[in-house]
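Each remark here refers to the structure printed beneath this line.
Read the figures in this text as sums done on the coordinates, not as results from a lab. All values derive from a computational prediction rather than experimental measurement. Every residue, glycine as well, gets a Cβ built from its backbone with ideal geometry; the counts of neighbours run over all protein chains shown.
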2 protein chains.
Amino acid sequence: MKTPTLQDFTAQRRPIVAADGVIYLLDQTRLPHAVEILAVRDGDAAAHAIRSMQIRGAPLIGAVAAFGLALYLQKNAGAAALSAAFATLAETRPTAINLLWALRRMQAAVEALPEAQRAARAWAEAQAILAEDIAQNVSIGGHGLAALREHARADRPLQVMTHCNAGWLATGGEGTAISPIYAAQAAGVPIHVWVSETRPRNQGLLTEWELRQAGIPHTFVADNAAGLLLRQGMIDAVIVGADRIAANGDVANKIGTYLKALACADNGVPFYVAAPGSTFDFACPDGNAIPIEERAGSEVRSVAGATGDACLLPDAVAVSNYGFDVTPARLVAGIVTERGLLPASVNGLRQAFPEAARAAQEC
Amino acid sequence: MKTPTLQDFTAQRRPIVAADGVIYLLDQTRLPHAVEILAVRDGDAAAHAIRSMQIRGAPLIGAVAAFGLALYLQKNAGAAALSAAFATLAETRPTAINLLWALRRMQAAVEALPEAQRAARAWAEAQAILAEDIAQNVSIGGHGLAALREHARADRPLQVMTHCNAGWLATGGEGTAISPIYAAQAAGVPIHVWVSETRPRNQGLLTEWELRQAGIPHTFVADNAAGLLLRQGMIDAVIVGADRIAANGDVANKIGTYLKALACADNGVPFYVAAPGSTFDFACPDGNAIPIEERAGSEVRSVAGATGDACLLPDAVAVSNYGFDVTPARLVAGIVTERGLLPASVNGLRQAFPEAARAAQEC
């Protein structure tokens, strides 16, 4: 097929177009300032796209890893090559469990097959993972909107805050945390979104761009503003995505999420997490067992000026740059999944995803 | 006198040099990237310096306002001119109460005097305010270090986090929240400081610059990182300055402070506030009565890129930019003042500053 245009992505809200053995991606290190479309034709390019955050967002990382494995197998589908491809892709990012989930599913789909059939089967499985994620996004949107609507006040649009980007740029389709917001728009529910900048990588810019494309009213704020806005009653609910959810309901998500959850608890505002089943890690008993990615210090050393300029702190300045934090389950009002709104508890998650809970026990 | 050099400011840790009817200031909108020394020769220039944040920090705002009033009176010391100068300076920034405190003290010092004596008396009073603030900074350093040391672990340097800049750039002398850190260095107490960026104005850069000048070990982090670092036990205490403290101990300080206080409470880490008596507002019963400054949206629209570049969000993007938030007294382990460590409570504050509490009641 021809290289898709920006319109091919935005019109359908799809961050990935996969056809004829090639995957096309919007380069998210360039958005929203510039549009660059990547044609990924081999496994190494897919691994690079994940590692360098050309694409990010736990469900999208999973889907691109699946296609990456399929692309590796197009070159060499032997047992050793399969293991090597799995290992290369698994090491690209440590926190989002969807990555391992997708790779394990891909491996299970192909390892019993004759070598000659593996590549085609892998491509089909990756397409299935993507299609299922898109369908799950839609379900999450419906369940999430039902949860959020309960907190709307009669005198104003529903006021929702989010952190990072968990929209269509982060998933196969409509997003996780943002899917209920698209669902609200589709249902004619008045809504206004508070978009948190999300330093140091500024993924709030991606959310701002998505909402601007969709014509959904929103306000962009510094991460520091969440506490005051919640205390002043300006926010009815907070909803975020997740990179990994432990068996007890503890949630790893973008650094800064935990602070928002604390401010919600202190002000009686519900804090929701939206994620598909592929984000659950029943092998992790709680948040302490979730590995937290540490990223390059240059992200933190790059600081905005007051007037659109910027500076780089000298390399000699020590920085710390963890990409994620863990929000304890006790702060989570509910987890919005494709199977409905779940309590953030061991029993709540196990009852809704018994097959995944069982599989983790058998490991 | 000759215009002072950078060395004249840094060697003594003084953000203001006042002599011969001129005040010299380090332009803090340029630091740390560039050094520009402002010579302020009239009241309008002083008002502009406060309004435009060429200088900031509640105690320093108070001192510069005092000199600003003296400079206005050098031109015209009549009753109408005094009122006009007071009003102009009082309107420059709304949240830091030290501004009003200093102006009221200046007015009380001169209003009963014959016109011809007012300017000289005003200059002397401003010098007294500055000198007292410097002495109070030193006291705060001693009391603050005593409080912080209690939380040190034997196996590592004392780990202290701060927010915004409450060092010598924010006061007359050693600072408020940073003064105990300078005191630790002077006393040979091993210490390491976690410096929070403080979007959107990035005053964490000023703190980073101060600590670098002083050779005090520190690590610069995104504001979002505070929750994870506290949860991982990497921080022994948090200490910040204040722009206004209500009669009940609620604290207005730089936006994002409240989030850090919440994360401290959730992890059993003490959260201290350091401020001189001039920051107390006994006329404010609680934090809800403190006016919160809303600043230009351009500060939030200016976003850092990943590699030292930056972007400006289009003006059409709605932003919200409150400069401060309020931390409830229940989250404050203690308030470090020149009169010692106080509990953040009505009785604690009144007992330590009875004359200020009485004066407010008489208003």
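Over chain A, what is the mean sequence separation of C-alpha contacts under 8 Å (at least six apart), divided by residue count, expressed as relative contact order in percent?
15 percent
Name the residues whose placed amide hydrogens come within less than 5 Å of the amide hydrogen of B:N253, ignoring near sequence neighbours (fewer than 5 apart) on the same chain.
The list, which skips near neighbours in sequence, is B:D243, B:D325, B:T327.
Looking at B:H143, B:G62, B:A46, which one has the Cα that reaches farthest to the positive end of the dipole of the range B:1-153 (charges on Cβ: Lys, Arg +1; Asp, Glu -1)?
Going by the Cα projections, it comes out as B:H143.
Between B:V35 and A:Q7, what FRET efficiency comes out of the Förster formula 1/(1 + (r/R0)^6) with R0 = 41 Å and r the beta carbon distance, rounded to 0.05?
Working from the Cβ atoms, E equals 0.25.
Evaluate the charge dipole of the range A:82-153 about its Cα centre and quote only its size in Debye, nearest 20, assuming +1 on the Cβ of each Lys and Arg and -1 on the Cβ of each Asp and Glu.
Computed about the Cα centre, the dipole is about 200 debye.
With only Lys, Arg, Asp and Glu charged, each at its Cβ (+1 for the first two, -1 for the last two), find how big the charge dipole of chain B is about the Cα centre; round to the nearest 20 debye.
Computed about the Cα centre, the dipole is about 280 debye.
Where does helix B:257-267 land angle-wise versus the long Cα axis of chain B, in degrees 0 to 90, nearest 10?
Relative to chain B, helix B:257-267 is tipped by roughly 30 degrees.
Measure out, as a whole number of angstrom, how far apart the alpha-carbon centroids of the range A:330-363 and the range B:84-153 sit.
58 Å
Determine the distance separating the Cα centre of the range A:202-235 from the Cα centre of the range A:5-76; give it in Å without decimals.
Their Cα centres are 26 Å away from one another.
Find the relative contact order for the range B:106-224 and round it to a whole percent, using C-alpha pairs within less than 8 Å whose residues are 6+ positions apart.
Reported as a whole number, the value is 22 percent.
Could you tell me which of the pairs A:K2/A:K254; A:K2/A:K75; A:K254/B:K260 are separated by over 27 angstrom between their Cα atoms in the structure shown?
With Cα atoms farther than 27 Å apart: A:K2/A:K254.
Considering chain B as a Gaussian network with a 10 Å cut-off on Cα pairs, which listed residue, B:G340, B:G173, B:G249, attains the greatest mean-square fluctuation?
Highest fluctuation of the listed residues: B:G340.
Give, rounded to the nearest 20 debye, the magnitude of the charge dipole that the range B:39-141 has about its Cα centre when Lys and Arg contribute +1 at Cβ and Asp and Glu contribute -1 at Cβ.
In total the dipole reaches around 120 debye.
Using a Gaussian network model of chain B whose springs link C-alpha atoms within less than 10 Å, name the residue from B:A183, B:A70, B:A87 with the highest mean-square fluctuation.
B:A87
Restricting to the protein assembly as shown, what percent of DSSP beta bridges are antiparallel, rounded to 5?
Within the protein assembly as shown, antiparallel bridges account for around 50 percent of the total.
At A:A124, label 7 Å along Cα→Cβ: distances to the other copies, nm, ascending?
When each copy's label point is compared with this one, the spacings are 9.6 nm.
Relative to the other copies, what are the label-point distances for A:A112, with labels 7 Å from Cα along the C-beta vector, expressed in nm at one decimal and sorted shortest first?
9.8
Show the residues, 5+ positions off or on another chain, whose built amide H is closer than 5 Å to the amide H of B:H218.
Under 5 Å from the amide H of B:H218: B:V193.
Please determine, in degrees from 0 to 90 and to the nearest 10, the orientation of helix A:115-149 with respect to the longest principal axis defined by the Cα atoms of chain A, where the helix direction is its Cα long axis.
10 degrees
How tilted is helix A:58-75 with respect to the longest principal axis of chain A? Cα atoms for both, answer in degrees (0 to 90, nearest 10).
So the helix axis and the longest Cα principal axis differ by about 10 degrees.
Connecting C-alpha atoms closer than 10 Å in a GNM of chain B, tell me which of B:C164, B:C311, B:C284 has the biggest fluctuation.
B:C311
Which loop-located GluC sites (Glu not before Pro) does the range A:110-197 contain, where loop means any DSSP state but H, G, I, E or B and the Cβ has at most 16 other Cβ atoms within 10 Å?
A:E111, A:E150
Hey, got a sec? Which trypsin sites (Lys or Arg not before Pro) in the range A:149-203 land in a DSSP loop and have at most 15 other Cβ atoms within 10 Å?
Sites meeting the loop and neighbour criteria: A:R153.
Shortest first and in nm to one decimal, what separations exist between A:A187 and its copies in the other chains, measuring from label points 7 Å along the Cα-to-beta-carbon line?
Between copies, matching label points for A:A187 lie 5.8 nm apart.
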